[in-house]
Amino acid sequence: MKENKENTGRLGVIVAHYGVAVDVLFADDNSRTMVRVKRNSGHVVGDNVEVEAEILTRLERTSELARMDARGGIHIVGANLDILCIVVTCEPIPSPGFIDRAIVAARASGHTPVLVLNKSDLACFKDYEKAVRPLYNDSVEIFSISAETNDNLEELKQFFSKGHRGIFVGSTGVGKSSILNKFLPEINLATGEISESKKRGRHTTTVSTLHILEDGGELVDSPGFNDFGLVDTSVAELAYYFPGFEAATETPCKFRDCKHRNEPGCSVMDALAAGNINRDRYKTYLQILEEVEAIDLQPRYRERRSRRKKN
Ligand SMILES: Nc1nc2c(ncn2[C@@H]2O[C@H](COP(=O)(O)OP(=O)(O)OP(=O)(O)O)[C@@H](O)[C@H]2O)c(=O)[nH]1
Ligand SMILES: [Mg+2]
């Protein structure tokens, strides 16, 4: 890794990562070249790089978004992004707490989360939207769209045209690649039948790719995943960033390090008792709190977190 100071090679950005080679889009003439990298080099799509004599050097990141999988493995979702675009739908529905974890992870690492409810053309959509919108309306911007019928696609495109660089994340089959294909028909990303991909137990998209939108903005398509385990988020950050707690925490709790569990003078508990916080969501919060507390006890994650804070 190199600080962005005296660059002597060509500057570019990684737009696709294929394990032992990355596709680099160069800033000077918009040309693209494959450059070899070591396996597990740690580079990700969105990384700014300098290429000199076929040697690639990663430049300092302005932001990084990480997640933990079910086995405790850490994955960098993307680098130098500002928007986390959480794509969900009624078929297939996201795993419990997926949206909450993704929102907290985004906020804790300086990203703006937005929620995309895709497949508005499906019969199951209306009920799903009715259940989900009220939970997140006060927390994040929400787009209800259909990549099938183009419903509200323009609105989402306009949002990115303000110069944002975002990434689509969500379970396999929610339609991430389908939305990008509608934005940029010429890229023709592979999309998969849900029943087929489930039967094979495989994702249709296998590598993340970054795309420049014609009206401005950039979007990364990523392979589907269900686990958004929090790795770079402390207990204090979880309590502060949890979606749905914003109005309650405007009134500070009695204790600055309140975890909203059973401390006296807790604004969140008061809001819960008054029916202003959804009970199921509160249960989800407690479950994620336990996970984050368990991670907090593990030195390797604590070390990683303090390294991130210093950068
Ligand atoms: N009815 C309907 N189907 C959609 C919509 N968007 C996508 N699909 C379908 O959903 C299936 C999965 O779409 P993909 O775009 O491959 O999903 P993905 O999220 O990229 O999946 P992975 O690459 O495996 O993570 C395909 O059969 C699409 O045609 C939509 O708005 N409405
Ligand atoms: Mg895909």
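Data overview
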item	result
Inter-site label distance for GLU193 and PHE255 at 7 Å from Cα along Cβ, in nm	5.6
Gain upon complete extension [GLU155, GLU246; 0.36 nm per residue less C-alpha separation]	30.2 nm
Three semi-axes of the equivalent ellipsoid, segment 20-104, Cα gyration tensor, whole Å, largest first	30, 15, 12
In nm, spacing of pseudo-spin labels at LEU286 and ASP227 (7 Å Cα→C-beta vector)	2.4
Between 0 and 90°, nearest 10: helix 299-310 axis offset from the chain longest Cα axis	70
Alpha-carbon radius of gyration plus Dmax, which is the widest Cα pair, for segment 212-261 in Å	17.0, 50
Global form of the chain, assessed from the alpha-carbon gyration tensor, a/c cut-off 1.5	oblate
Dipole magnitude of the chain about its Cα centre (Cβ charges: Lys, Arg +1; Asp, Glu -1), debye to nearest 20	1080
Tensor-based shape of segment 108-191 (alpha-carbon gyration tensor, a/c under 1.5 rounded, otherwise prolate or oblate)	oblate
Surrounding net charge for GLY78, when Lys and Arg each add one and Asp and Glu each subtract one, Cβ distance under 12 Å	-2
Computed E for THR62/ALA236 - FRET, C-beta separation, R0 22 angstrom, nearest 0.05	0.40
Inter-site label distance for GLU214 and GLU54 at 7 Å from Cα along Cβ, in nm	3.7
Helical contribution to [θ] at 222 nm, DSSP H n ≥ 4, -39,500 (n - 2.57), averaged over the chain, rounded to 500	-9000 deg cm²/dmol
Nearest-0.05 FRET efficiency for SER31 and ARG133, computed from C-beta distance (R0 41 Å)	0.40
Cβ-based exposure ranking for ILE145, ILE277, in which fewest neighbours within 10 Å come first	ILE277, ILE145
Separation of alpha-carbon centers, segment 234-266 and segment 125-165, rounded to whole Å	28
Over 20 Å between alpha carbons, listed pairs LYS126/LYS157; LYS130/LYS259; LYS119/LYS176; LYS119/LYS182	LYS126/LYS157; LYS130/LYS259
Cα shape, segment 64-221, gyration tensor, a/c 1.5 rule	rounded
Between 0 and 90°, nearest 10: helix 98-108 axis offset from the chain longest Cα axis	70
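Rule-based calculations on the coordinates, nothing more; no lab input. Predicted model only: the values in this text are computed from it and were never measured. For neighbour counting, all protein chains shown are included, and Cβ atoms are generated from backbone atoms with ideal geometry for every residue, glycine included.
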